[in-house]
Protein chains: 2
Amino acid sequence: MDTHTIDTADTPEPRPEEETPWLTAREQRMWRAHLEVAKLLEYQLSRELQPHNLAINDYEILVVLSEAPDHRMRMTDLATATLQSKSRLSHQITRMENAGLVLRQECPGDRRGLYAHLTEQGWETMQRVAPDHVRSVRAHFIDRFTPEQLDAIYEALAPVAEHLRGLRGRS
Amino acid sequence: MDTHTIDTADTPEPRPEEETPWLTAREQRMWRAHLEVAKLLEYQLSRELQPHNLAINDYEILVVLSEAPDHRMRMTDLATATLQSKSRLSHQITRMENAGLVLRQECPGDRRGLYAHLTEQGWETMQRVAPDHVRSVRAHFIDRFTPEQLDAIYEALAPVAEHLRGLRGRS
């Protein structure tokens, strides 16, 4: 759940090579709250997608493809957009292909490989599921903040997201 | 990545049965930032644990057990503490047992089942890895916020975490 809570009377003497201080109580509680919300929210949203026979990652793919021109995207770009490894995405697309939600297609005259294409059924599924999912996101997350909190959190997180995207891009 | 971005000129006419409005642009950007930070941070912290041959969930188990009395915990309680299903935890503990980090033990006179017990090697591993992990958490997350932002985010997230824990507890 958290990093380490040695921040109390039994803190060991810091060894000279340890230059990074442990989290303070104030930092620790925020770190724990972030981890807990991230984990529990994913769990709850997944649960509420189950009646639709969709995993949360499937829903994400449906959304990304539904917003792409012609409802299709190069597999490489889809991996980048969903922050997944290509091999993991490939397994997921196979499952979704079997469920009739997407199709893998070679693009004629394009050597850069395969596209994932939303099927009619995939598009209909997304439209059917989206209202329920938005309801879940509002009920368990978005509607629980004031407008000021929404903005404050966005402003705090946006540069962190950019930093992390940069690291990811280099890897 | 996100819920749905129909929030523009091409928004379809809401059908009467849809009572939940789509996310506004302001809500949408916060929701995206949260999802992105949660996903990318977990990815980055996992990457930086790899040289220690630890998955991020393994590290979490080491931390929780190292804070428990006698460095041990009932499997059921460990599942609750780490927000995992018992079956998933059981697989993970098997892997960690094979790596020499924990031991499964029956408790004499206690019918309520198995305990997970941190081994000496598990304890040493935790102590060796913790400074690196704290460095990662600071570099990619905690040190990127002002003290005011840390407090504001904590205050916003804490009730959400409580709400989600409540739902989880009932499931």
Please work out if A:Gly113 is over 25 Å from B:Leu157 (Cα atoms) and modelled with pLDDT of 95 or more. no
Lone unmet requirement of (1) at the interface with another protein chain (Cβ under 7 Å from one of its Cβ atoms); (2) surrounded by 18 or more Cβ atoms within 10 Å (Cβ to Cβ); (3) without any contact (Cβ under 8 Å) to a residue 40 or more places away in the chain for A:His133: (3)
Could you list, in sequence order, all residues of region A:117-149 that are under 17 Å from A:Met30 (Cβ atoms) and in a helix (DSSP H, G or I)? A:Arg144, A:Gln149
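Table: residues versus (1) at negative phi; (2) modelled with pLDDT of 95 or more; (3) over 21 Å from the mean Cα position of the chain (by Cα).
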| position | (1), (2), (3) |
| --- | --- |
| B:Thr5 | yes, no, yes |
| B:Thr8 | yes, no, yes |
| B:Arg15 | yes, no, yes |
| B:Ala25 | yes, yes, yes |
| B:Met30 | yes, yes, no |
| B:Val37 | yes, yes, no |
| B:Leu41 | yes, yes, no |
From the set of residues in region A:46-68 that are among the β-branched types (Val, Ile, Thr) and farther than 15 Å from A:Thr94 by Cα, which is most open to solvent (accessible area, probe 1.4 Å)? A:Ile56
Of everything in region A:19-32 that's of a type outside the set (Ser, Thr, Tyr) and open to solvent by 40 Å² or more (accessible area, probe 1.4 Å), which residue is farthest from the other protein chains (Cβ to nearest Cβ)? A:Ala25
Of these, B:Thr94, B:Thr76, B:Thr125, which one is within 20 Å of the chain's Cα centre (by Cα), in contact (Cβ under 8 Å) with a residue 24 or more places away in the chain and surrounded by fewer than 16 Cβ atoms within 10 Å (Cβ to Cβ)? B:Thr76
Of (1) open to solvent by 60 Å² or more (accessible area, probe 1.4 Å); (2) assigned to a helix (DSSP H, G or I); (3) modelled with pLDDT of 95 or more, A:Leu103 satisfies every one except (2)
Condition first: touching a helix residue (DSSP H, G or I) at 6+ places or on another chain (Cβ under 6 Å), at pLDDT below 95 and not in a helix (DSSP H, G or I). Can you find one or more residues in region A:47-56 that meet it? no
Run B:Lys86 past the list (1) on the phi < 0 side of the Ramachandran plot; (2) crowded, with 16+ Cβ neighbours inside 10 Å; (3) of a type outside the set (Asp, Glu) and report the number of the one that doesn't hold. (2)
Taking the criterion of being open to solvent by 40 Å² or more (accessible area, probe 1.4 Å), closer than 14 Å to A:Trp31 by Cβ, within 13 Å of chain A (Cβ to nearest Cβ) and not acidic (Asp, Glu), would at least one residue in region B:157-169 satisfy it? no
So which of A:Leu41, A:Leu62, A:Leu35, A:Leu118 ends up being in contact (Cβ under 8 Å) with a residue 24 or more places away in the chain, over 25 Å from B:Thr82 (Cα atoms) and within 11 Å of chain B (Cβ to nearest Cβ)? A:Leu62
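The values are calculated or read from the model by the stated rules, or taken from the named source; none is laboratory data. Treat the numbers as computed from the prediction; the structure is a model and nothing was measured. Note: ideal-geometry Cβ built from the backbone for every residue, glycine included; neighbour counts use all protein chains shown. Areas reflect the complete protein model, heavy atoms only, side chains present, ligands, DNA and RNA absent. Shrake-Rupley method; radii C 1.70, N 1.55, O 1.52, S 1.80 Å.
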